[in-house]
Structure formats: structure tokens, C-alpha cells
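Worksheet: the structure to be examined is printed underneath.
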Amino acid sequence: MLIRCQRCRALYSLSDGVAPAGARFKVECGRCLLVFEAAAPPPRRAEAVQGTGTPVGTAVPQREKDSSPEA
């Protein structure tokens, strides 16, 4: 996650997971010492919805067993 100081425009990179998704927190700029508020990005759609990728109630077709006698 990238954040930028509002005063001196210094750019900082924070590791993902430092704050919960959507959380707001205070950051102190190491260059100009301004304390400002930043927000972690909201969860991505793929993380918000968990599933198997197969809709509920969807049948998977199977091959029928051949009942003819073997030659």
C-alpha cells in the first residue's frame, strides 16, 4: 500500500496487512514530521466473496456407463 505525505509529498510503502482493510490510522512523516490520517484500502471483491466457483445447484455432467456386452 502506498501513502503520500500531504505536506511534503514524500511517498511511503506499507506492507499489506499492516492495518485491517478499510481501517483509518495515523502516520507520521519521517521527512517533515507531519502527522496525518491514512486509510487502508477496502477488501478486493475476490477476497470479500469466498466460494468454490461453482454455483449452488449446478450439476456436473457425468458419462454414462456403457451397458453393452464386451466383445
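The values are calculated or read from the model by the stated rules, or taken from the named source; none is laboratory data. Since this is a predicted model, take the numbers as computed values, not measurements. Glycine gets a Cβ as well: all are built from the backbone with ideal geometry, and neighbour counts include every protein chain shown.
Remarks
- Among the numbered conditions (1) modelled with pLDDT of 95 or more; (2) within 17 Å of the chain's Cα centre (by Cα), the only one that Glu47 does not meet is (1).
- Residues in segment 1-17 that are assigned to a strand (DSSP E or B) and among the polar types (S, T, N, Q): Ser13 alone.
- Among the residues of segment 1-29, those that are touching a Cys at 6+ places or on another chain (Cβ under 9 Å) and surrounded by 11 or more Cβ atoms within 10 Å (Cβ to Cβ) comprise Cys5, Gln6, Arg7, Cys8, Ala10, Tyr12, Val27, Cys29.
- Among the residues of segment 23-44, those identified as at pLDDT 90 or above and part of a loop (DSSP other than H, G, I, E, B) are Ala23, Cys29, Gly30, Arg31, Cys32, Leu33, Leu34.
- Candidates Pro20, Pro61: the one that is modelled with pLDDT of 85 or more and assigned to a loop (DSSP other than H, G, I, E, B) is Pro20.
- Every pair of residues 6+ apart whose Cβ atoms lie under 6 Å, when the first sits in segment 1-21 and is under 16 Å from Val35 (Cβ atoms) and of a type in the set (D, E, K, R) while the second is at pLDDT 90 or above and surrounded by 10 or more Cβ atoms within 10 Å (Cβ to Cβ): Arg7/Cys32; Arg7/Leu34
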